[in-house]
1. Taking SER239 as the residue in question, decide whether it is within 14 Å of LYS172 (Cα to Cα), modelled with pLDDT of 95 or more and in the same structural domain as ALA149 (by TED's automatic domain parsing).
2. If you check LYS144 against the conditions, is it surrounded by fewer than 12 Cβ atoms within 10 Å (Cβ to Cβ) and under 20 Å from ARG270 (Cβ atoms)?
3. Going by the conditions given, is LYS224 of a type in the set (Lys, Arg) and out of contact with any strand residue (DSSP E or B) (no Cβ under 7 Å at 6 or more places or on another chain)?
4. Restricting attention to region 216-275, which residues are of a type in the set (Asp, Glu) and under 21 Å from the mean Cα position of the chain (by Cα)?
5. Residue by residue through region 69-87, note down the ones that are touching a Ser or Thr at 6+ places or on another chain (Cβ under 8 Å) and not in a strand (DSSP E or B).
6. If SER182 meets every condition in (1) in a strand (DSSP E or B); (2) surrounded by 13 or more Cβ atoms within 10 Å (Cβ to Cβ) apart from one, which number is that one?
7. Restricting to region 89-146, what's the tally of residues that are more than 20 Å from the chain's Cα centre (by Cα) and either farther than 13 Å from TRP62 by Cα or charged (D, E, K, R) (or both)?
Amino acid sequence: MIKLLILLCVFSQIKEISPDKKCEIEIVTKKIEKYNLLVKGEPITLTVEGPTYLRVYTRIPWSGDFKGNRLYKIILQENDLDERIITLESAMSGVTKDKSGRPLSKWRSFYLEVDEGINNYKMINWASPTDTILVQFKYEAPKKWKDVAATDYGSIIEAIEAEKIIKYYGLKNDNQITIGISGPTKLKVISRLSYDETITGEQNYTMLVHEKGKTTKFPLKCYKSETIRYKNRKDIVPSNARIFYIKLGKGWHTLEFSLSGSIAKEAALRFQVEE
């Protein structure tokens, strides 16, 4: 009898529903996570034994009806020797709130590469819309990426980032950069708009990607970097890094990149794929 019921369940099916009206629903799973409070005037210190990677997740409390992105900054001190500014930008989350019901921002994160031995860190809330930044620490390693060389470009621009020289390809607003790459893969494009002495404040620009007669637009917004400088171009200052990704199907791809929609005369690009 049991076997017969199982067979009936396997081969039975709904033949017809009338009226067949449908709607889509979204099921949100409730999840509670704990964050540390980084309050202005009250730094957080932590001691970590390496070698390891530490990923720092951050959010900010959201106040008012502001609909755009908001910036916040953390001063990071390492072993009382190195100090750098971490600038983060986020928008209001549509699903995440604190226990009082106050909206929070979407999470943003950065990594700490912890050297061998005991390492001491201090985090300072340097600038935020409210007096509080939420921080959470997890042992997570970043994805490993390798650079992809351009095949046709105008110039090389060297940026000093975290005491390392990073190579970018200079892109004039009347020129293009070309790369050739085999798929399937996901291409990571890191772009920085170049600020000259006439450009101030937030800027909008669009990266155009051309392939086989088709053009894809990537609109971006940036501000002048406070920490990154170019080694071989003293006449311009880079913006903060803006990143977008391009999924490429199987086969060979020739991509051409151009700059549009900006008063800036040039930008700098870097290309990577996962190792």
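The values are calculated or read from the model by the stated rules, or taken from the named source; none is laboratory data. Given the structure is predicted, the values throughout are model-derived calculations rather than measurements. As a convention, Cβ positions derive from the backbone with ideal geometry for all residues, glycine included, and neighbour counts pool all protein chains shown.
1. Numbers: within 14 Å of LYS172 (Cα to Cα): no; modelled with pLDDT of 95 or more: yes; in the same structural domain as ALA149 (by TED's automatic domain parsing): yes.
Judged against the criteria, SER239 is not a match.
2. On the way: surrounded by fewer than 12 Cβ atoms within 10 Å (Cβ to Cβ): yes; under 20 Å from ARG270 (Cβ atoms): yes.
The answer is yes for LYS144.
3. Numbers: of a type in the set (Lys, Arg): yes; out of contact with any strand residue (DSSP E or B) (no Cβ under 7 Å at 6 or more places or on another chain): no.
Against the criterion (of a type in the set (Lys, Arg) and out of contact with any strand residue (DSSP E or B) (no Cβ under 7 Å at 6 or more places or on another chain)), LYS224 does not qualify.
4. Filtering region 216-275 for residues of a type in the set (Asp, Glu) gives 226, 235, 256, 266, 274-275.
Passing the criteria: GLU226, GLU274, GLU275.
5. Matches in region 69-87: ASN69 only.
6. The number of the failed condition is (2).
7. Matching residues across region 89-146 total 18.
One line per residue, one yes/no per condition, for (1) at pLDDT below 95; (2) in a strand (DSSP E or B); (3) in contact with a Pro (Cβ under 6 Å, 6 or more places away or on another chain):
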{"site": "GLU89", "(1), (2), (3)": "yes, yes, no"}
{"site": "GLU113", "(1), (2), (3)": "yes, yes, no"}
{"site": "ASN120", "(1), (2), (3)": "no, yes, no"}
{"site": "TRP126", "(1), (2), (3)": "no, yes, no"}
{"site": "THR130", "(1), (2), (3)": "yes, no, yes"}
{"site": "ILE133", "(1), (2), (3)": "no, yes, no"}
{"site": "PHE137", "(1), (2), (3)": "no, yes, no"}
{"site": "LYS143", "(1), (2), (3)": "yes, no, no"}
